[in-house]
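Some notes on the structure that comes next.
The values are calculated or read from the model by the stated rules, or taken from the named source; none is laboratory data. Because the structure is a prediction, the values reported are computed rather than measured. In this analysis, Cβ positions are derived from the backbone assuming ideal geometry, glycine residues included, and neighbour counts consider all displayed protein chains. Ligands, DNA and RNA are excluded from the accessible area calculation, which covers all protein heavy atoms including side chains. Shrake-Rupley method; radii C 1.70, N 1.55, O 1.52, S 1.80 Å.
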Amino acid sequence: MNGMRLVQKISSMRGFAKVAPYVFPALDKAVHRLTRGRILVSAQLLPGVLLTSTGARTGQRRRTPLACMPERGGESWILIGSNFGRPGHPAWTANLLAHPDAEVSWKGRDIPVTARLLEGEERAAAWKQVLVFWPPYATYQRRVEREIRLFRVVRR
């Protein structure tokens, strides 16, 4: 089994879903800060952004490291609200629903973006691409009753 398939298998395990939400975001934020935005640890496996959004309830800035699926040469990204296959939607998705103007840090550059929740046929087409991009998302979806939210964020 090659390295990527092994990582995909591990990331599909329930134990990973219990530990990863606490370990990876903290590690990503620390390394991102120390390298002045040049490195996200999780992006060594999957492309990633550091999303800066406005809190839905607090109105405060929230920074969240996320895996993403880049589109159109870095002009847009699909953000996947998988929450590692845990029951609830991740908080950052509520933030984008309430305040779609946000910022992503992509390869060390801060880029203003606008987010849009994908629905219907557009979501179905994007979901197919997401599953080709990272097959473990199918396992995450099978674990939860909610539909995993997909957002397209585009440069403003």
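Results, tabulated for the structure shown:
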{"quantity": "Heavy-atom accessible area per residue - the stretch 59-120, 1.4 Å, Å²", "calculated": "47"}
{"quantity": "Approximate spin-label separation ARG86-ARG143, in nm, with each point projected 7 Å along Cα-to-Cβ", "calculated": "1.0"}
{"quantity": "ARG62-LYS18 pseudo-label distance in nm [points 7 Å out on the Cα-to-Cβ vector]", "calculated": "2.5"}
{"quantity": "Shape of the stretch 47-123, Cα gyration tensor, a/c cut at 1.5", "calculated": "rounded"}
{"quantity": "Length gained when the stretch ARG156-HIS99 is fully extended (0.36 nm per residue, less Cα-Cα span)", "calculated": "19.1 nm"}
{"quantity": "Solvent exposure ordering (accessible area, 1.4 Å, most first) of GLU75, GLU119", "calculated": "GLU119, GLU75"}
{"quantity": "Heavy atoms of PHE133: accessible area, 1.4 Å probe, square angstrom to 10", "calculated": "60"}
{"quantity": "Theoretical FRET efficiency, 1/(1+(r/R0)^6), r = Cβ-Cβ of ARG33 and GLU121, R0 30 Å, to 0.05", "calculated": "0.15"}
{"quantity": "Solvent-accessible area of ARG63 with every protein chain in place, 1.4 Å probe, in Å² to the nearest 10", "calculated": "90"}
{"quantity": "Point-charge dipole on Cβ atoms (K/R +1, D/E -1) for the stretch 79-156, about Cα centre, debye to 20", "calculated": "220"}
